[in-house]
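In what follows, a structure is listed as structure tokens, so that the remarks can point back to it.
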Amino acid sequence: MIKEIIENIVAITQDYHSDYNNGFVMTPQHVLEWVNQFEEKDRVFVLNEVLHILQQGVYISKAKAKEILWEFLNKAMTFFGYQSIEMFLRETHFINSQAAHKSQSVLLKLLNDILVEKTGFKMEICGSLGVRNYIYLDDVLASGGTFKFAIKKFIEENNLLKRLINKELRILSFFFCTHSWGLDNTRYSLKKLFDDENYFLDVSKFPVGSYYKIENNLKGFNPKLNLVYPEKSKNGYDAYLVSLETATLQPDKAYRKGTQPSQEAFFSSRANRNRLEQIFLDKGIEIISKIQDKSIKHKHRPLGKTYPSYKTFGTGTLFFTWRNISNTCPIVFWWDNPAHNWKGLFPLHNRGI
């Protein structure tokens, strides 16, 4: 039974880090070594639930990424009112604000490959007739910090705000995955950063699309909570929150209510959600407790990175791509430190921990 579960996990995730010459290959042995780090009584359960989660479409292979990008390109062309892909490209600028090894640059290179394959055009023709449209592309918007500051800098450096408000120019953003709470916060932050400008709150004027949405806004309408988001239990997790002495914001967002979500449509059952969240939280707290450097310890949370000022357990992302894992995912998926006796299921690439 365990062999079959592992083989199914590998079948879904087999191209993880396939672009890199770093020696990593997703194998049944690697998955087995990862799960064997959990308590024996939990191992089959963890594998079953992880497989169930992966079957919800939360792993984006490179082939799937190419499909998503091509579909997005065609929708963007229609959204901006073009009949011709060439004219659309010649009047569109793709924002590239990240370093060469970061996700945005990787996706833009992949988009260029798709264009050459499907149309014969290269991205070097983009904006050659003058720019009317801007596109911001990335893989995951979690807290929204990277996106917020990149957009602010780009708009200010190019003096675009007035022309965007007047609809002389348009900007469209697209992610493989967005967190609803992070996106809502980002819109309000941009509003404040630009002197209470309501343009950023208007979804028709400042559209942000995504292939997959993580509904994690507790105050939203019936959120799916398709992530790791623990409810308050008798296990004394408050002690961990109290230990976050310098974190003071959003303490009311640390736990979900036991009645949320109203219907379980992501984990295999409500009981299994609760059990897996507790396992990941317990193990994540154990891993973090072994970090000796206080400044590093301060930056991490058991359920994935978040703003250090948030008094929560972390972001809890359950979304993965072939190129890398977000460190906003639970730490059990990506932490790799021999001194802590832990190896992640999805090793990090080109990012320190």
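Each value in this text was obtained by applying a stated rule to the coordinates, not by laboratory testing. Small disclaimer: the values here were computed from a predicted structure and weren't measured. Please note: Cβ atoms are built from the backbone with ideal geometry, for glycine as well, and neighbour counts cover all protein chains shown.
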Margin query: Can you compute the modelled spin-label distance between E71 and T259, with each label point 7 Å from Cα toward Cβ, in nm?
Written below: 3.5 nm
Item checked: Inter-label distance, nm, simple model (7 Å from Cα along the C-beta direction), Q250/Y212 -> 2.0 nm
Next item on the list: Be a star and scan region 229-259 for residues whose amide nitrogen sits under 12 Å from the point 7 Å along the Cα-to-Cβ vector of Q278.
Entry: 231-237
Next item on the list: Give the distance, in whole Å, between the Cα centre of region 271-338 and the Cα centre of region 22-86.
Entry: 19 Å
Checklist line | Loop-resident sites, region 277-318, for trypsin sites (Lys or Arg not before Pro), counting at most 15 other Cβ within 10 Å (DSSP) | finding: K290
Check: By how many degrees, 0 to 90 and rounded to 10, does the Cα axis of helix 43-53 deviate from the longest principal axis of the chain?
Finding: 20 degrees
Notebook entry, point to check: Order of S269, S103 from fewest to most other C-beta atoms within 10 Å?
Noted result: S269, S103
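Equivalent-ellipsoid semi-axes (√(5λ), Cα gyration tensor) for the chain, whole Å, largest first?
Details: eigenvalues 257, 122, 67 Å².
Over the Cα atoms of the chain, the semi-axes work out to 36, 25, 18 Å.
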Note to self: Given R₀ = 30 Å, what would the calculated FRET efficiency be for K234 paired with F149, taking r from the Cβ atoms and rounding to 0.05?
What the structure shows: 0.15
Check: Can you give the angle from 0 to 90° between the axis of helix 180-193 and the longest principal axis of the chain, with both taken from C-alpha atoms, to the nearest 10?
Finding: 50 degrees
Checklist line | Selected from R163, R275, R301 as most flexible by GNM, with the chain as the system and alpha-carbon contacts under 10 Å | finding: R163
Note to self: In whole Å, what are the extents of region 81-214 along the principal axes defined by its C-alpha atoms, from largest to smallest?
What the structure shows: 42, 31, 26
Margin query: So if I restrict to the alpha-carbon atoms in region 220-353, what is the Rg, and what is Dmax, the biggest pairwise distance, in Å?
Written below: 14.6, 44
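What does the extension gain come out to for F121 and H298, with contour length at 0.36 nm per residue minus their alpha carbon separation?
Working it through step by step, the gained length comes to 59.0 nm.
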Next item on the list: For K294, go through the lysines and keep the ones whose alpha-carbon is under 16 Å away, minus same-chain ones fewer than eight residues off.
Entry: K305
Check: Under a straight-distance cross-link criterion of Cα-Cα below 19 Å, which lysines are reachable from K122, leaving out those fewer than 8 residues away in the same chain?
Finding: K66, K75, K109
Notebook entry, point to check: Which of S309, L32, S210 sits closest to the plus end of the dipole of the chain, meaning its Cα is farthest towards the positive end, when Lys and Arg get +1 and Asp and Glu get -1 on the C-beta?
Noted result: S309
Notebook entry, point to check: Cross-link partners among aspartates and glutamates for K102, C-alpha distance below 19 Å, same-chain residues fewer than 8 apart left out?
Noted result: D15, D19, D113, D138, D139
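For a quick check of your reading of the filter: which trypsin sites (Lys or Arg not before Pro) in region 181-274 sit in a DSSP loop and have no more than 16 other Cβ atoms within 10 Å? Kindly include the intermediate steps, with their values, before the conclusion.
On the way: sites: R187, K191, K192, K205, K213, K219, K224, K232, K234, K253, R256, K257, R270, R273; in loops: K205, K219, K224, K232, K234, K257.
Passing both the DSSP loop test and the Cβ count: K205, K219, K232, K234, K257.
Between Q98 and S289, what's the calculated FRET efficiency when r is the beta-carbon distance and R0 is 35 Å? Round to 0.05. Before the final figure, lay out the partial values.
Numbers: r = 33 Å, r/R0 = 0.94.
With R0 = 35 Å, the Cβ-Cβ based efficiency is 0.60.
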Note to self: Under a Cβ-only charge scheme (Lys and Arg +1, Asp and Glu -1), can you give me the dipole magnitude of region 81-214 about the Cα centre, in debye to the nearest 20?
What the structure shows: 140 debye
Next item on the list: In whole Hz, with x marking every Gly and Pro, tabulate ³J(HN,Hα) for region 72-80 from phi via Karplus 6.51 cos²θ - 1.76 cosθ + 1.60, θ = phi - 60°.
Entry: 4, 4, 5, 5, 5, 4, 5, 4, 8
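Per-residue counts of other Cβ atoms within 10 Å, averaged by peptide: what ranking do you get for 16-24, 323-331, 41-49, highest first? Working shown, then result.
On the way: 16-24: 13.8, 323-331: 24.4, 41-49: 17.0.
Ranking the peptides 16-24, 323-331, 41-49 by packing returns 323-331, 41-49, 16-24.
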Check: Of P338, Q263, L54, which is farthest on the positive side of the dipole of the chain, counting Cα position, with +1 on Lys and Arg Cβ, -1 on Asp and Glu Cβ, and the Cα centre as origin?
Finding: Q263
Checklist line | Cα-based helix-to-principal-axis angle, 103-118 vs the chain, degrees rounded to 10 | finding: 60 degrees
Check: Using unit Cβ charges (K, R positive; D, E negative) and no other charged atoms, how large, in debye to the nearest 20, is the dipole of the chain about its Cα centre?
Finding: 660 debye
Checklist line | Phi-based couplings in Hz for region 61-67 (Karplus 6.51, -1.76, 1.60; Gly and Pro marked x) | finding: 6, 5, 4, 5, 4, 5, 4
